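I have placed the structure first, in the form of structure tokens, so that the comments after it can refer back to it.
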Amino acid sequence: QVQLVESGGGLVQPGGSLRLSCVVSGSIFSINAMGWYRQAPGKQRELVATITSVGSTNFEDSVKGRFTISRDIAKNTVFLQMNSLKPEDTAVYYCNAIITRKYGTSQYLYWGQGTQVTVSS
């Protein structure tokens, strides 16, 4: 079994900051790319940021310069540092990871359960 658990969401005022964390646990051989997505009410889930196993990053245009993605490989954790938050950043944020499980060679995509981020005054 593999689990992804997000934390760090909450209510923040416009211009504020939050740091999301996502811990991967279970029968893991290796974690490849990891990412953060978000889904606002009535909208499709969209990419926020991704990071590869060698640290290459990619960001959705609206968060460039405000959000940073990083990972702690030893702790199987990915972070999303969100600064200068705007009301339009309000959404449920999900992490995902491409994982090779122990005793196997295939890669699988796993998702966390999501954490709510609300930006409002």
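The values are calculated or read from the model by the stated rules, or taken from the named source; none is laboratory data. Values in this document were obtained by computation on a predicted structure and should not be read as measured data. Ideal geometry is used to build each Cβ from the backbone, glycine not excepted, and the neighbour counts take in all protein chains shown. Note: accessible area is taken over every heavy atom of the protein model, side chains too, but ligands, DNA and RNA are not part of it. Shrake-Rupley method; radii C 1.70, N 1.55, O 1.52, S 1.80 Å.
Structure values in brief
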quantity	calculated
Scope the range 70-121; condition farther than 14 Å from Val48 by Cα and in contact with a helix residue (DSSP H, G or I) (Cβ under 7 Å, 6 or more places away or on another chain); matching residues	Val119, Ser120
Residues within the range 41-68 that are surrounded by fewer than 13 Cβ atoms within 10 Å (Cβ to Cβ) and among the polar types (S, T, N, Q), tallied	2
Answer residue from the range 1-34, given it is of a type outside the set (A, V, I, L, M) and touching an Asp or Glu at 6+ places or on another chain (Cβ under 8 Å) and is farthest from Asn96 (Cα to Cα) among those	Ser21
Matching strands (runs of 3 or more DSSP E) fully within the range 28-103 where at least 1 residues are in contact (Cβ under 8 Å) with a residue 60 or more places away in the chain	28-39, 77-82, 91-101
Gln113 assigned to a loop (DSSP other than H, G, I, E, B), open to solvent by 40 Å² or more (accessible area, probe 1.4 Å), closer than 21 Å to Leu4 by Cα and in contact (Cβ under 8 Å) with a residue 60 or more places away in the chain	yes
Test: Arg71 is at pLDDT below 95, surrounded by 15 or more Cβ atoms within 10 Å (Cβ to Cβ) and not hydroxyl-bearing (Ser, Thr, Tyr)	no
Residue check, Pro14 surrounded by 13 or more Cβ atoms within 10 Å (Cβ to Cβ) and part of a loop (DSSP other than H, G, I, E, B)	yes
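Residues checked against (1) within 12 Å of the chain's Cα centre (by Cα); (2) of a type outside the set (Phe, Trp, Tyr):
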{"site": "Tyr37", "(1), (2)": "yes, no"}
{"site": "Gly42", "(1), (2)": "no, yes"}
{"site": "Leu47", "(1), (2)": "yes, yes"}
{"site": "Glu60", "(1), (2)": "no, yes"}
{"site": "Val63", "(1), (2)": "no, yes"}
{"site": "Phe67", "(1), (2)": "yes, no"}
{"site": "Ser70", "(1), (2)": "yes, yes"}
{"site": "Lys75", "(1), (2)": "no, yes"}
{"site": "Gln81", "(1), (2)": "yes, yes"}
